[in-house]
């Protein structure tokens with residue numbers, strides 16, 4: 001049987017300024033119940049998913065022992081064309097520049113491929129930078145979206 005590989009081409013990212021009541025795929029209270037806005041212009045999407053940090057413990061009589069420590073949901077590093085009037089980019093920018101600790105600093109994202117397979121998460125926006133590049137480059141927007149622990153749902 002051939003592996004189930006899918007191209008990234010056609011994958012889209014959506015953002016919601018809201019966070020769901022439940023972190024699941026319930027149509028009434030979960031991620032699908034939110035209002036989603038497509039974020040335009042991406043040239044690449046970063047990784048999304050949990051990763052365990054590796055701890056070390058040095059035994060005097062047995063050498064170093066490695067163990068799984070805390071789980072880190074990571075950050076999504078994205079870049080794409082800088083579209084200042086794109087409604088999706090505006091939601092992300094507003095989250096970045098909202099007051100620290102406010103509910104407005106957290107947004108929900110959905111990344112979905114053409115086959116309808118995707119991932120939901122709640123994120124912060126910690127980086128919002130314009131990248132000018134070289135003479136022949138397109139100006140892009142680089143953004144970092146740290147994922148809030150326990151909010152990743154794949155579907």
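FYI, it's all coordinate maths here, none of it is from the lab. Owing to the predicted nature of the structure, the values given are computational and were not obtained by experimental measurement. Note that we place each Cβ from the backbone using ideal geometry, even for glycine, and neighbour counts take in every protein chain shown.
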### Query
So which pairs qualify, if the first residue must be in the stretch 4-23 and at positive phi and touching a residue at least 12 places away in the same chain (Cβ under 8 Å), the second must be surrounded by 12 or more Cβ atoms within 10 Å (Cβ to Cβ) and not in a strand (DSSP E or B), the Cβ gap must be under 9 Å, and the two must be at least 6 apart or on different chains?
10/113; 10/114
### Query
Residues of the stretch 73-102 being more than 15 Å from residue 15 (Cβ to Cβ) and in contact (Cβ under 8 Å) with a residue 40 or more places away in the chain, which ones?
73, 74, 75, 77, 79, 81, 82
